[in-house]
1. I want to check the label-to-label distance for Ser194 and Asp296. Put each point 7 Å from Cα in the C-beta direction and report it in nm to one decimal.
2. So what are the ³J(HN,Hα) numbers for the range 81-97, from phi and the Karplus equation (6.51, -1.76, 1.60; θ = phi - 60°), rounded to whole Hz, Gly and Pro as x?
3. Please list, in order, the residues from the range 186-215 whose amide nitrogen is less than 11 Å from a point placed 7 Å along the Cα→Cβ vector of Asn154.
4. Applying 1/(1 + (r/R0)^6) with R0 = 41 Å to the Cβ-Cβ distance of Asp137 and Val316, what FRET efficiency is obtained, to the nearest 0.05?
5. Would you please state which residues of the range 58-83 a label at Leu107 would reach in this model, taking the label point 7 Å out along Cα→Cβ and a backbone N cut-off of under 17 Å?
6. Provide the per-residue ³J(HN,Hα) series for the range 160-169, in order, calculated from phi with Karplus coefficients 6.51, -1.76, 1.60 and θ = phi - 60°, each as a whole number of Hz, with x at glycine and proline positions.
7. What is the extension gain from Ser240 to Val219, computed as 0.36 nm multiplied by their sequence separation minus the C-alpha to C-alpha distance, in nm to one decimal?
8. Considering the options Gly279, Val219, Trp80, tell which one lies farthest towards the positive end of the dipole of the range 8-313, charges being +1 on Lys and Arg and -1 on Asp and Glu at the Cβ, about the Cα centre.
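The numbers here are math on the coordinates, done by the rules we state, and not lab data. As the structure is a prediction and not an experimental result, all values here were calculated from the model. Positions of Cβ are generated from backbone atoms using ideal geometry, with glycine treated the same way; all protein chains shown enter the neighbour counts.
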Amino acid sequence: MKLSKAPRLIILLLTFVVIMSFASQTVMAQAEGIIATAWSPDGSKIAVSGVSGLLQIRDIYNQPIRTLTGLSSSIWAVDWSPDSTKIVTGSDDGQVIVWNIATGQQLGSLIGLGNYVQDVDWSPDGSKILATGENSDTLFVWNASTFQQLASINAGNCYSAEWSPDSTKIVAGNGIGYVNIFSASLGNPITSYSVDGGVEPVSWSSDGTKIAGGVSDIVNNTYKIVIWDYSTGTVSATYSGHTDQVSGVEFSPNGQQIASASYDGTVRVWNVATGLQIGSFTKPQSFTTSIAWSPDSSQLAFGGTDATLEIVAAPVEPMPTPTHTPTATNTP
């Protein structure tokens, strides 16, 4: 997914920095911090959105291709259409907008949410778009071609949501310790998992067998990534290491790794099979707000409140050391 959302506290903090500091380039960069990041399915472009209407398309060398204009509010979520020709954005003025990347024009506005948009996601089959809002118990689904609302689902204090790989189900994380799964066509609940702490980012593995959630228990100061087996609902793994709120969780497209982002300024990468951390990246003096994998799972892009987008090679795990079997010899 594309992105993960930073709390409103970050915006207030950035505003405070701008007001209380000299108008330097560093301050201006902070005032345009990146909140969401999404890599296009064709692998050629990266969309970033953020504070004060920041919405930009960059190439894989991190060079700007196009800046999309027309919004002044902060854009908290962004995602690509499966054919990589359009993006959908969600902003804190309640707007969910579909954009044409080639022209930079707005193609349509999705009506219904009405409050600060927390997450957006385009279905893998290209037919539908979902969005969630702050302080809203409702998850909205629209037709991606006609922009007509198809469903409103009671998702209970929903922070984030993502389509299943086959576009038939939706997983939603919420702030009171639940991961809920719904039928995309009917909106009916299918199952629910509980955990101690709020679940903000969620991610579905590409084969549909696992669901990951970033769990932040601020009261007890514990921050972790929890993996559930979809078919049984049992926890199959828990990854610990972050020291602040988990802002992003993404399975790699090949399903072998998970990347997590945190307000502790780090991105950590985990091996799904072993549960071991195999790499980490740091953004000093910055909240890390969003992560995105390249479609071939070879690279990661991540952004933060320092307004810089980092593109790095994904960790390469060392080959296992061969076990040497001694050769028997005859003693003369």
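1. 4.6
2. Result, ordered by residue: 6, x, 8, 6, 9, 9, 10, 10, 10, x, 10, 7, 9, x, 8, 10, 10 Hz.
3. Correct set: 189.
4. Details: r = 43 Å, r/R0 = 1.05.
So, using R0 = 41 Å, E works out to roughly 0.45.
5. 68-69, 78-83
6. 8, 7, 8, 6, 6, x, 8, 6, 9, 9
7. Working: separation 21, 0.36 × 21 = 7.56 nm, distance 1.64 nm.
Roughly 5.9 nm would be gained on extension.
8. Positive-most Cα among the choices belongs to Trp80.
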